[in-house]
């Protein structure tokens, strides 16, 4: 099977122009087929602030009302996506910016209202691997933002980690997929205050132990849950670390496997 | 040669939800390969207003400073593009939203400063017909917004009529292209106050006469100049009229040919 690198880049890296440029340098240099997934994070909050919109939260989670969806569509789908694509083009990487609506690549369904109504949030139901593969075969690098659609004309806000995971699962039917989560930490840390305490390898058994002893906690819990869901779905390996892990010289990152 | 329909839809049609839906209905029903080009018009001014940005004009023309470019990228490339694409997907048209940076489809150069510095405005230097054709062959419908790039990482604002014209010229090497300019009028009118005075056919000779006698004036001058530039570049015919002209039943529109 051919190798495919899928890279999710975190919001904090996108915020800083220098960090983003360093990331794009590293991403553009990856040999062979690749896919990028980005969120937008604080840039959306910043625009919402400037427009005087209230950020609505319930149980610590953001509610995507119609105005928030509009802001996200402008920031993730417009500003962030187009600037990343232009930046990759200048690095000889033939990128194309996509939401899940583009090419009908990611179909989702409005999250049902249970205790909380999250608003215009979509849960992924289908990744169109065939269309993504056509782009890859045309030597085009898909760059996904955190927006999907319901196929009935409605755009939906969807977590970028989840999109990366679902795209990786779908593409693993045809490719040997490495899924890379790039963020501001060097990986899963034994001691959260020590960047040199990266746990290099975690399998399912170690994962269970690290949850039990509290090493994996808080925001890392859903992140690693996503990673093992990807592995269960056929992804060969998942890596967590700083953007430098995309270069072969870097060895300080966490690799997850079954 | 295979037929290809290229449609430019004007800003006034996009402004109104009803008009946009009627347009998307008509566009989705066009048989065979097709390409859409849209601007964004007043939606960008509206966002600029909300952000308290001053619209800078010189000699009646807008100056695209860095903040204006950001607004345009969010509105044209984000909000308008993604909503049109989602709307087309719901009509079983497999659309993909593109700026000229996406897939390196349209390369431009920063307009040189002569009497006026227009700011981040790009003049098209190359349309990548090969990549556009790959998308069409994958049964994907390209939807272009009025943004291009310089290949060095800079997005540039480019007139949507011009993009339509340049894409049509480039695609006419391989396709028999009909270029359709959809706007709020039924075509070129003999009497500007009478919608029933559409001039059905205009060739180059008639065009020269209509300019001389003042029938073609003001905003129609650059529009028709663009149209004949498209025809000179190999486009088979150019049509001007309301979105209804996209259906075969409509006969009230203007056709231009050499």
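If the chain linking residue A:192 and residue A:110 were pulled fully straight, counting 0.36 nm for each residue of separation and taking away their Cα-Cα distance, it would gain 26.0 nm. Modelled spin labels at residue B:221 and residue A:67, positioned 7 Å past Cα toward Cβ, are 4.4 nm from each other. Helix-only arithmetic for chain A: the sum of -39500 (n - 2.57) across DSSP H runs with n ≥ 4, divided by the residue total, places the mean residue ellipticity at 222 nm at -9500 deg cm²/dmol.
Look at where the Cα atoms of region B:5-55 and of region B:198-258 average out, and the two centres are 21 Å apart. Remark: the residue B:58-residue B:16 segment gains 12.3 nm on full extension, using 0.36 nm per residue and subtracting the alpha carbon distance. Here, region B:19-157 has an Rg and a Dmax of 15.9, 48 Å when only alpha carbons are counted.
Beta bridges assigned by DSSP with both partners in the protein assembly as shown are antiparallel in approximately 35 percent of cases. Rounded to whole Å, the principal axis extents of the Cα atoms in chain B read 44, 42, 35, largest first. Where both residues lie in chain B, what percent of DSSP beta bridges are antiparallel, nearest 5? So the antiparallel bridges in chain B amount to around 35 percent. Shielding by partners for peptide B:90-98, expressed as the average number of C-beta atoms from other protein chains within 10 Å of each residue's C-beta, is 5.
Of the two radii for the protein assembly as shown, the radius of gyration is 1.01 times the Kirkwood radius, both from the alpha carbons; that is the Rg over Rh value.
In terms of its C-alpha gyration tensor, region A:101-169 comes out prolate, because a/c is 1.5 or above and the ratio a/b outweighs b/c.
Annotation: the antiparallel percentage among DSSP beta bridges lying fully within region B:71-185 is about 55. Taking other C-beta atoms within 10 angstrom as a stand-in for reagent exposure, A:8, B:173 fall in the order B:173, A:8, fewest first. Exposure proxy shown here: for A:74, B:245, the number of other Cβ atoms within 10 Å sets the order, fewest to most, as B:245, A:74.
Shown here: region B:138-254, whose C-alpha atoms stretch 46, 31, 25 Å along the first, second and third principal axes, sorted largest to smallest.
The simple spin-label model puts a point 7 Å past each Cα toward its Cβ; for residue B:205 and residue A:211 those points are separated by 8.2 nm.
Coordinate-derived values only; no laboratory data. Since this is a predicted model, take the numbers as computed values, not measurements. We place every Cβ from the backbone using ideal geometry, glycine too, and count neighbours over all the protein chains shown.
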